[in-house]
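None of the figures in this text is laboratory data; all of them are computed from the coordinates on show. Please read these numbers as outputs of a predicted model, since none were measured by experiment. Don't worry about glycine lacking a Cβ; one is built from the backbone with ideal geometry, like all the others, and counts go over all protein chains shown.
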Amino acid sequence: MDLPNEVARRFGVTRMPMPLKWFDTREVLEHLPPHFTMQAELVHVLFEVDIDETGKVTHVKGVSRPHLPPNVHVTGIEIHPEGPRQMPATDEPPDALRDAVVTAAYGMIFRPAERDGRPVPIRGLRLGARYSRDDLQRSAAT
């Protein structure tokens with residue numbers, strides 16, 4: 001199975017959107033409350049974006065991981081140019097961090113999705129950003 005083509009098929013497009021401008025940690029920090037601290041060592045913030053036919057993000061919402069029974073484990077897969085790889089296990093992010101990521105994600109720009117060579121909007125594209133406690137503290141200090 002060709003994973004990128006399978007995902008595009010499920011969204012009803014022939015080419016998925018591609019990020020041209022992603023937000024950075026400093027943009028997230030600007031939207032965190034003063035004296036924010038993260039207890040977890042590593043978190044993965046999930047969010048869904050709607051992208052219009054020009055590549056502009058028109059809607060973002062934070063997404064919580066589903067609550068699963070203790071005997072069910074989920075493995076996340078990241079798609080990289082070198083090929084798919086397993087994501088490390090992470091804790092659920094604090095609400096303040098999720099909200100800051102959602103706000104920063106409105107600044108993202110995409111090459112739009114296409115259907116048969118024409119740009120089309122896409123809704124509910126799930127994305128994620130990982131943050132370690134050290135990364136947030138280092139970025140806040142600079």
How much length, in nm to one decimal, is gained on full extension between ARG123 and THR103, taken as 0.36 nm per residue of separation minus their Cα-Cα distance?
5.5 nm
Roughly speaking, what is the stretch gain from THR25 to ASP91, that is 0.36 nm per residue apart minus the C-alpha to C-alpha distance, in nm to one decimal?
21.9 nm
How would LYS21, LYS56 line up from fewest to most surrounding beta-carbon atoms within 10 angstrom?
LYS21, LYS56
In segment 1-68, GluC sites (Glu not before Pro) in a DSSP loop with at most 12 other beta-carbon atoms within 10 Å:
GLU30, GLU41
